[in-house]
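The values are calculated or read from the model by the stated rules, or taken from the named source; none is laboratory data. Only a predicted model underlies this, so the values are computations on that prediction, with no experimental measurement involved. All Cβ positions, even for glycine, are placed from backbone atoms using ideal geometry, and neighbour counts span all protein chains on display.
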Amino acid sequence: MRKLLTLLLMVFLWTSGMTQVAVTLGARNTQDQQVAQMDKTQLPVSNVNAYDVRQVTKIGTVTADREKDLSVIKNSPIKNTRQEINGTEPITPHPLAPMQGGETIALATLIPSLPYNNTGSTTAYADNYNEVCPYTNTGGRDVVYKYTPATNGLIDITLCGNITNYDTKLYVYDTPTPVTGSAIACNDDYCSNSLTSYISQVTGVPVTGGVTYYIVVDGYSSADYGTYEITVTNGVVYPVPANDECTGATAVAGPFPQTVTGTTLGATIDCPGVLDWNAVWYAITLPYAVNDLTVDWCGTADMGTVGVVYYPTCPVVCGNYVLYTTNTWGICGTVPGATTATTTFLGIPGPTVIYYPAYSIPQMDHVITFNVAPVLCPNPSALNATDRTTTSAKLGWTAGGSESLWNLEVGLPGFTPGAGEYILRGTPTVNSFSATPLSSGTRYDYYVQADCGTNQSSWVGPLGFSTLIECPGGALTELEVCGDSTNNACNNVLPANQTSEPLAIGQTVCGTSYYDGSLRDTDWYTFTLTETTLVTLSAKADFDVAVILVTPCPASVIASSSALSGVTASVSAQLTAGTYYAFVAPQFNSAFACGSANHYYATLTGAPPTIGCGNTNLGLLTPTETSQTFAYAAGDTYYWTFNAVANATYSFSDCGAGEDTYMRIYDNSFTQVAFNDDYGVHCTTETAASLNFVPTVSGLYYVSIAHYSCTNLLNPWNLTYYYTPAPTCLAPTALTATGITTTGASLGWTSSASAWEYQIDVTGFIPAATGIATTNNPTVVTTLTPATTYDFYVRANCSGDYSTWSGPYTFTTACDILPTPFTETVEVGEFSPCWTISGGTYNWGIVSGASGYGVGAQSFRANFYNISDPTPFYLFSPVLDGSTLANPQLEFDYSYATYISEVDQMNVYTSVDGGLNFTLLIEMPGGISGILNTAGVTTSSFVPTLATQWATMTLPIPVGTNMIAFEAISAFGNNLYLDNIKVNEAIATKTLNLTGVLLEGLYAGGGTLNQAKDESGNAVYAPGVADMITVELHNDLNYSIIEYSSAVELSTSGTATVSGITLGGDYFITIRHRNSIETTTATAVSFAGAVISQSFGNPADVYGGNLLLMSDMGYAIFGGDITQDGAVDGGDVTPFDNDQFNFVMGYVDSDVNGDGSVDSGDGTIIDNNQFNFVGTAHP
């Protein structure tokens, strides 16, 4: 809808299947307590495709209805699964590259030649660029292609293929360092497919030979990303049509219908900023006094959008367009299956010439038939109703032409003219009609039709009006004179001026009012109830009336209603004893003055209250200890009253009802205190209801019974009821546990007895028949276990007469200091109860169905999805033993997605004094690109279902840390999950420094290496980096076992560094490179120290002396093992020959010498090493 909102003020918008609503707030009396109503105006729309609300592509256009598949599924973007503090995410090509665009212009995917077609996804990419094309928004995730034409020309770029599934944006730069606004071509919305609307295309982009152009595939907003199909072709230069401007418009002068052929191919933009259409123009002669024009495109190929305006003059004033009357889509004409448009413009005054801009998407050749027909009997307009009385009204209208006879019908609202449903009918010869006799205080509709002799216009209407009311006999008369403020109650500021008039139940009052377009007269009537009553306020008026039941000042609305003039407005509410206002006032619609159709009457009535679903009061029940049963007939809902004694048990059932019933009990303030639907405590039938009710306070109660849907009972039924007296030995109440320590608590209760028994055990236990006797209240227990949840029960001992057991009361003993290393997995049976929370209205919680990397079942969750309050809330760990770890670290798994782009945040703190003071450890912002985001964007409540949606954070923490706190701050985004929280000893790491690692293919002489190049001859990696190598550590006793592996950068000086190694012992070090021979150290190397250094620069350093002596007497690792099978042989020759034959360029394995081209320079290395049977040597 965001594009629709931008264009809503342009009333010539039209999209098939799009609903547009303009909303205007009504005027408000500043002294009036009531909120103004909203007037809603519905713009003309088609409902053929009502679900597609985003098809507007150009102003003043109509977009064809297509069959849409609404089951479009977007893959959630996935971030890297492990992140380290203070690290940055490297911008690297997506795993699908080079099949799709690159992350940035620097990594743009090459388009080698045209035509070009490919598919890809922007899901896992960042938002690096944005343009306004022409709609303004943030832009989405984007990818980049680059193309360098050999010669000058035009290119066309489209995303309109069948697999594009999101709202795209497409633009082109001619510089590698663009700024927003510098695109040479840009488009947001051009076409649609079966998956989505708003797909982009640019055509006729001028390009210069030798210049590199960068094509950005973007999304409209941060929520728009997904799969796309891109096609780039050489553009066709079309000649500008002769009728490209209105001054050269093709004449359409009849005879009608007249068919023309033309094309919009090559057309230039008309009315920039208003139309933005590539249209051609037709000058249509309208020969009649009033003309109907039809523009039929049915001879044209399939189209998605058509222009629906014309201009009355040429040269055109761009804003002075005239909008169509109707537009329809259909399969028609000579093109099989083509969806094309028929546009109608009705009632155009003439004779004249108008100018029609023919515009369609796509631009195409067209065949259009224009038809002009005379309007023989124009419609009347400007219907009105004046001079209303109790039995009549004067009806008027404006003639549509020179007619002097009309047909007029008056009927009740909703009647159909010309169908015999009228109350009055006339054939006036002047454009007014006295409608009489009519009933007083009644609303009517009327229609009028012009009669031009042999032709008639359409019926025009309805216009609603009402006759004036008559005050009912016996009614009171409002004391306030119209225009005074003696009956304005809460609309007056000072309490002394808040006067009103009395109105009792059963009375009617006749009053007056006014509304001048700004201020209105509001009347307040006060009434007092002595008991609960179902109150109804109704009113009918000469004007559109509003009625409200209101509390005393300062007023608040209890219930409200409104109605048009002549129609009764009615509102009901069940009110308890007290004083209230009945409010009557005009709606904020048509203005009227005192003394002019300004009367109303209002009636206040009362009825017995309804109790729950019960409408019929069957009287007072007198329960006895003996069961009583009464039979009742079907056809109503019922309730009874009964007086209850505190602590007695009252039993009710309708087990023989034979239908699904609900039973409810209410106290004297009509608050529900008991409820049953199925079975209950007495019935065996599933749908019957029964319950036992034990009141805590003596008094009057209500019991109601009805069908489950609060409708009348369908069958005869029985009510059975009885009561059990209150026990003589009352059970204790208000159980408590205070003074809770790690091993004890003080157990208390409220009871009139002087002796008790209690039982305490781990929560969930079933109490035994007897317990531990005590005369102490409270009583202290001291043998409990720390961090354990207990239940306790207690009963009174009344000189050997025991009460029932009260309980359980559940509490948890305090936490002891927990040992480290510490792990919290949040699983059942493992979760420590010593975690605490504090902070905002919402807070951290434990949820099931989401667990770190899919292992387990539970985790902590911060429910940002439902929290709009930014107040921070906190999750605190138990107190830990911080003295046992010499090099402590915090590790936790987390998972988070944003809703659209909201930046929720988690901050982590440490404490060394048990939570008295905290120090910030790390801030983790969310949003799309924040470190907190592991799972991209989703507009549904996020639940991680994939292991790849989790990440692990590992952080060093201060020595002595004994508590961790996680602070959550909501931006109303989406959910955050925490799991597997650990405080443990950090493992010491080691660094391996390698020297003399020189590759034959990249060897530059003097112990240095060239940088590997791409297809343009540019270095693939940063300055000083030759290429990537893989370093492996192999078991010293079994070389086939790889204990460690890491990909690292190889510098141009032949050095490489591997950090973060945690292994100890002796290992063979092996170097692997994408097209070189695997090379291993001569012996196993000790990793006992913190820093290990190893050279590969001499034969003595490597196993079997397997190095190549270079011409400058340096040594290098053999090259040419393209297949990485451990030998340079015919298996490597085949991929080299194929790539050389196909002129393959770029950073590919067959480019052995790394110059960006597969050629004879690579073949020489392969041939020499194949001839010499070069292969790997290792233990």
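Below is a table of values for the structure above.
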read-out: Options PHE1171, PHE1143; residue that is in contact with a strand residue (DSSP E or B) (Cβ under 9 Å, 6 or more places away or on another chain), farther than 21 Å from GLY1054 by Cα and surrounded by fewer than 17 Cβ atoms within 10 Å (Cβ to Cβ); value: PHE1143
read-out: Tally of residues being among the hydroxyl-bearing types (Ser, Thr, Tyr), part of a loop (DSSP other than H, G, I, E, B) and within 33 Å of the chain's Cα centre (by Cα) across the range 155-181; value: 3
read-out: Candidate set from the range 261-273 (those that are crowded, with 18+ Cβ neighbours inside 10 Å and in contact (Cβ under 8 Å) with a residue 60 or more places away in the chain); member that is nearest to VAL372 (Cα to Cα); value: GLY262
read-out: Residue count, the range 526-536 (criterion: buried (at least 22 other Cβ atoms within 10 Å of the Cβ) and closer than 23 Å to ASN617 by Cα); value: 1
read-out: Filter result for the condition that a residue is under 21 Å from ASN843 (Cα atoms), touching a Gly at 6+ places or on another chain (Cβ under 9 Å), in the same structural domain as PHE892 (by TED's automatic domain parsing) and not in a strand (DSSP E or B), over VAL959, VAL943; value: VAL943
read-out: Any hit, the range 907-917, residues being touching a Phe, Trp or Tyr at 6+ places or on another chain (Cβ under 9 Å), touching a residue at least 12 places away in the same chain (Cβ under 8 Å), surrounded by 17 or more Cβ atoms within 10 Å (Cβ to Cβ) and within 30 Å of GLY226 (Cβ to Cβ); value: no
read-out: SER402 part of a loop (DSSP other than H, G, I, E, B), farther than 30 Å from LEU604 by Cβ and polar (S, T, N, Q); value: yes
read-out: Which numbered condition THR180 misses (of (1) surrounded by fewer than 19 Cβ atoms within 10 Å (Cβ to Cβ); (2) closer than 30 Å to MET1145 by Cα); value: (2)
read-out: Residue count, the range 1032-1041 (criterion: part of a loop (DSSP other than H, G, I, E, B) and either of a type in the set (Asp, Glu) or outside the structural domain of VAL997 (by TED's automatic domain parsing) (or both)); value: 1
read-out: Residue that is farthest from ASP167 (Cα to Cα), among those in the range 130-154 that are over 35 Å from the mean Cα position of the chain (by Cα) and in a strand (DSSP E or B); value: GLY153
read-out: Residues satisfying the stated conditions in the range 737-767, i.e. surrounded by fewer than 15 Cβ atoms within 10 Å (Cβ to Cβ) and of a type in the set (Phe, Trp, Tyr); value: PHE765
read-out: Residue match in the range 491-509 (condition: under 18 Å from GLY441 (Cβ atoms), crowded, with 18+ Cβ neighbours inside 10 Å and out of contact with any helix residue (DSSP H, G or I) (no Cβ under 7 Å at 6 or more places or on another chain)); value: yes
read-out: Tally, over the range 309-344, of residues that are surrounded by 16 or more Cβ atoms within 10 Å (Cβ to Cβ) and within 18 Å of ASN243 (Cα to Cα); value: 5
read-out: Pair list, Cβ under 8 Å, 6 or more apart: the range 101-113 residue outside the structural domain of SER1016 (by TED's automatic domain parsing) and in a strand (DSSP E or B), other residue basic (Lys, Arg) and modelled with pLDDT of 90 or more; value: THR109/LYS146; LEU110/LYS146
read-out: One residue from THR1164, THR1134, THR1176 being hydroxyl-bearing (Ser, Thr, Tyr) and modelled with pLDDT of 95 or more; value: THR1176
read-out: Count of residues meeting criterion [within 29 Å of PRO878 (Cα to Cα) and outside any strand (DSSP E or B)] in the range 914-934; value: 11
read-out: Subset of the range 402-439 (residues that are buried (at least 16 other Cβ atoms within 10 Å of the Cβ) and either under 15 Å from CYS452 (Cα atoms) or of a type in the set (Asp, Glu) (or both)); value: GLU403, TRP406, ASN407, LEU408, GLU409, PRO428, ASN431
read-out: Residue, nearest to CYS318 (Cα to Cα), within the range 274-307, restricted to residues that are over 40 Å from the mean Cα position of the chain (by Cα), surrounded by 17 or more Cβ atoms within 10 Å (Cβ to Cβ) and of a type in the set (Phe, Trp, Tyr); value: TRP281
read-out: Test result for ILE1122, in a strand (DSSP E or B) and of a type in the set (A, V, I, L, M, F, W, C); value: no
read-out: Single condition ARG795 does not satisfy, out of (1) at pLDDT 90 or above; (2) under 22 Å from THR783 (Cα atoms); (3) part of a loop (DSSP other than H, G, I, E, B); value: (3)
read-out: Count of residues meeting criterion [part of a strand (DSSP E or B) and either hydrophobic (A, V, I, L, M, F, W, C) or free of Cβ contacts under 8 Å to residues at least 12 places away in the same chain (or both)] in the range 282-337; value: 12
read-out: Selected residue (criterion: surrounded by the fewest Cβ atoms within 10 Å (Cβ to Cβ)) from residues of the range 1015-1031 that are in a loop (DSSP other than H, G, I, E, B) and either touching a strand residue (DSSP E or B) at 6+ places or on another chain (Cβ under 8 Å) or among the small types (Gly, Ala, Ser) (or both); value: ALA1022
read-out: Some residue of the range 945-959 being of a type in the set (S, T, N, Q), surrounded by fewer than 15 Cβ atoms within 10 Å (Cβ to Cβ) and over 30 Å from GLN1094 (Cα atoms); value: yes
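Residue by residue, here is whether (1) surrounded by 14 or more Cβ atoms within 10 Å (Cβ to Cβ); (2) hydrophobic (A, V, I, L, M, F, W, C) holds:
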site: ALA1088; (1), (2): no, yes
site: ASP1112; (1), (2): no, no
site: GLY1119; (1), (2): yes, no
site: ASP1132; (1), (2): yes, no
site: ASP1139; (1), (2): yes, no
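Quick grid of which residues meet (1) of a type in the set (A, V, I, L, M, F, W, C); (2) farther than 19 Å from ASN647 by Cα; (3) at pLDDT 95 or above; (4) out of contact with any helix residue (DSSP H, G or I) (no Cβ under 9 Å at 6 or more places or on another chain):
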{"position": "ALA731", "(1), (2), (3), (4)": "yes, no, no, yes"}
{"position": "LEU747", "(1), (2), (3), (4)": "yes, yes, yes, yes"}
{"position": "SER752", "(1), (2), (3), (4)": "no, no, no, yes"}
{"position": "PRO767", "(1), (2), (3), (4)": "no, yes, no, yes"}
